[in-house]
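One structure is given here, and the rest of the page talks about it.
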Amino acid sequence: MKQFLTLCLCLSAIMVIGQSKKELKLRRDSIVSDYHLSIGNPFFYKEPSLQLSDELKGWTYSQDGKWIEGEQRLPLYGLSTDIARAKSNESRIGEDNISEIAFYRMCIDSTEFVVFTKIYKSGHYKYPITKKGWYTQSDFYYCIFKRPMNEVYLDSLQLDTNYNFGYRIFDERLIPDVGNRVKNPLKLITQKLFLEPIDRKFVLQFERKQNGQLRFLSYSIHPVFDDPLGIAKDWKVRNKSIYAAKEALEKLHYTLLEDEWSQTILP
């Protein structure tokens, strides 16, 4: 009888221990899952905070010391008198070009992000040696970074001074030859979205001039590898990208009026 009671007590203790472990596991799983499940889904504001496309002018400083102007593109670097080069297929692409630039707002719970999107054209020859079969395509680039806590107002920037703002990127992607899919950029982004901080930075370079003119460049770059993204082509001097230099605006830039940008550096 004594042995039977001992056996019952042992079985009871095992059941209690087993039940405690099971409850502990359920509680642990619940806490871990609840933390992840409680993080909200990204919410996109459909209307862009800022959209630039029409009447955007690009400028490139030529080899003979003159500014070359282009509509929605940065003209190819060369002599300002080279008419044949200015009419070439490559000239349509330029050093860079813009079909559209836009900034969108995205929120996850209480955290606000900025989504930068750019549509531009790239091109190549099917037969590069003979320069035959030129093909042009639309490429779509986007990157996402946290909205800065302390925004900088344009009118607080000194005139004739190059400002270089960098923001750590949480997601970026280049989608080549995007075709008609570019009509719905937010849908493209949600299909590819993967938020994870990386070493690359989104860069905005600004310079204020007289009469309300604003010069700017926008791209992403790695601080070590000098590999700009979000532009039609890289411009290198002595194997180093000029987009990594603070003086890049002295060689090429887009211009518009300050009022056409936004009240702040980031919309």
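See the values below:
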item	result
Pairs with Cβ under 6 Å, 6+ apart, first in the stretch 63-84 and over 17 Å from residue 215 (Cα atoms) and assigned by TED's automatic domain parsing to the domain that holds residue 98, second buried (at least 16 other Cβ atoms within 10 Å of the Cβ) and of a type in the set (A, V, I, L, M)	80/68
Failed condition for residue 215, given (1) more than 30 Å from residue 88 (Cα to Cα); (2) part of a strand (DSSP E or B); (3) among the basic types (Lys, Arg)	(1)
Answer from 233, 251 - the residue that is farther than 21 Å from residue 150 by Cα, surrounded by fewer than 18 Cβ atoms within 10 Å (Cβ to Cβ) and more than 15 Å from the chain's Cα centre (by Cα)	233
Subset of the stretch 176-192 [surrounded by fewer than 17 Cβ atoms within 10 Å (Cβ to Cβ), in contact (Cβ under 8 Å) with a residue 24 or more places away in the chain and under 15 Å from the mean Cα position of the chain (by Cα)]	176, 190
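The values are calculated or read from the model by the stated rules, or taken from the named source; none is laboratory data. Here the structure is a predicted model, which is why all the values come from computation and not from measurement. Don't worry about glycine lacking a Cβ; one is built from the backbone with ideal geometry, like all the others, and counts go over all protein chains shown.
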